[in-house]
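Here the structure comes first, spelled out in C-alpha cells, and everything after it is commentary.
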Amino acid sequence: MNVYQKLQIARLSLQEKKLTKSGKNRFAGYEYFELQDFLPSVQTIFSDCGLCSVFRCGVGDATLTVYNVDKPEEEIVFTAPMAAAELKGCHPVQNLGASISYLRRYLYVNALEIVEHDALDATTGKDPVVPKPIPKAVAPAPKPSESQTIAGNEGDWQMVVRGTPGDAAWMQLVESAAEMMLKIATSEADVMAIYKKNKQLFEEVKAQDAVFFKDLMDKFSNARNKFKEAA
C-alpha cells in the first residue's frame, strides 16, 4: 500500500477509538482534544499501519510529515505557519514550548481529520454582555468595541493582555496566560505571586463574568493545594 492508503486506514482506525476530550473552553462552553487525548492512539495505529510521523518547526513554518515506513521516499506533508507565544515571567524557551505544543496538536488534528468543535461558531452570535447600571459621577465603562491593554505589576510573573475586556478572545487569553504560569510555578509562594502581580486583570475578569472568574480561581486553589500536599 502507498502512504495515502495507509493514512486513510489510520484515520478510519482512529475514528473507531472512543477518545475523551480533556481540554475545556469555559467561556465559550465547548471541549476540545489535547495532544494527550489522541497521540498515544495515533502512535499505536501508525505502528500497525506502517507509518511514521515527524514534526519539525523552523523560522517560517511548522510541518508534520507522515512517512511510509516500507517506502520512506513516500511522504505526506502538513504545514502550518509558526506563531509565537509571549508571556511575561516566562523564559523564551517556555514560550517556544507553548507554541510548539499548540502547533503539534493543530497539525495532528489536521492530518488525522479529527473532528473538533468549531471554536468560531462557539464564540460568535452570542448575546453581548449587558453592562450594569453605572452610578453618577463614575466614569462610564469602555464601549465593547474599544481595545485595551491591561497589565499586572512589572516584574516576574507579570501578565499583559491586549483586547476588548469581556469578549471571548480576551477571556481566553487571560485563562491561557494564567494556566501557563501555574504550570511553571514551583511553589505555593509562586502561585500567590502570580495572583497578586496580576490582581487587576483578575478583578476585570470578575467584573465581566463571575462564573468564569470562579473557575479561574479554582485553578489557583488546585495549584496551591498541590504544593501543600507535597510539603
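What list do you get for 188, 204 if you sort them by fewest beta carbons within 10 Å?
188, 204
Quick one: if you stick a label point 7 Å off each Cα along the C-beta vector at residue 31 and residue 192, how many nm between them?
3.6
Here are some pairs, 197/226; 24/228; 17/206; 18/183; 21/71; 17/214; which of them have Cα atoms lying more than 30 Å apart in this structure?
17/206; 21/71; 17/214
Just so you know, all these numbers are worked out from the coordinates, no wet-lab data involved. If you're wondering where the values come from, they're calculated on a predicted model, not measured in any experiment. Because the Cβ atoms are built from the backbone with ideal geometry, glycine has one as well, and the counts that use them run over all protein chains shown.
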